[in-house]
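Only one structure is covered here, and it is reproduced in the block below.
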Amino acid sequence: MSKSRRLSIASAPCRIEWRPSRWVSALCWILVFLAPLSLLASDLARVVAWPLALAAMGWGAFDAHRHRNRPRLALVIPAGHGQAQCNGVPIDHLRVAWRGPLAFLSWRAAGGAIQRASLWPDTLDAAQRRELRLALMRRETARGVASMAG
């Protein structure tokens, strides 16, 4: 591989297409059915347990539906000092927290609101996780202070 080819790969931005995780959606729907059962199986009086069970089921269904219908995001994380973008809009303070194969992203949108997305293994495969880690390391390296030796 030529030196110019290696340099172009190293400076290419990381592009991630985020979509709601099917695994999270399935877990939400499982909780929709288990939450009312746990309330009905508890020692609560039936006059209290039934309304709470219906409320838990309704709120759970609303939340599961809301998660499933979140809009897709196109994240671009450039190498170096470039500004990251979400759906073509510049974003600030991009942070990524890793918990095993899960990645939790947070950033500040143009209006100042904090946005979040979780990347599960069904939405971000191993190759994309590696690409994201490398892009973040390149950003950290570009942000760092030059040493005496370099």
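With θ taken as phi - 60° and the Karplus curve 6.51 cos²θ - 1.76 cosθ + 1.60 applied, the whole-hertz 3J(HN,Hα) list for segment 94-102 is 5, 10, 10, 10, 9, 10, x, x, 8 Hz, x standing for glycine and proline. When W50, W98 are compared by accessible area at a 1.4 angstrom probe, the order from most to least is W50, W98.
Working from Cα pairs under 8 Å separated by at least six residues, relative contact order for segment 29-150 is 17 percent.
Helices that extend 15 Å or more along their long axis by alpha-carbon positions and average at least 0.5 on the Kyte-Doolittle scale are, among the DSSP H runs of the chain, 22-41.
Report, to the nearest whole %, how much of the accessible area of the chain belongs to carbon and sulfur atoms, 1.4 Å probe, protein only. Answer for the chain is 62 percent, counting heavy atoms of protein chains only.
Over the Cα atoms of the chain, what is the Rg over Rh ratio if Rh follows Kirkwood? Numbers along the way, then the final one.
Details: Rg = 21.3 Å, Rh = 18.4 Å.
The Rg/Rh ratio comes out at 1.16.
Using the Cβ-Cβ distance between S25 and A97 with R0 = 22 Å, the FRET efficiency computed as 1/(1 + (r/R0)^6) comes to roughly 0.55.
The values are calculated or read from the model by the stated rules, or taken from the named source; none is laboratory data. Just so it is clear, the model here is predicted, and its values are computed rather than measured. Please note: Cβ atoms are built from the backbone with ideal geometry, for glycine as well, and neighbour counts cover all protein chains shown. Quick note on the areas: whole protein, heavy atoms, side chains included, nothing else; ligands and nucleic acids left out. Shrake-Rupley method; radii C 1.70, N 1.55, O 1.52, S 1.80 Å.
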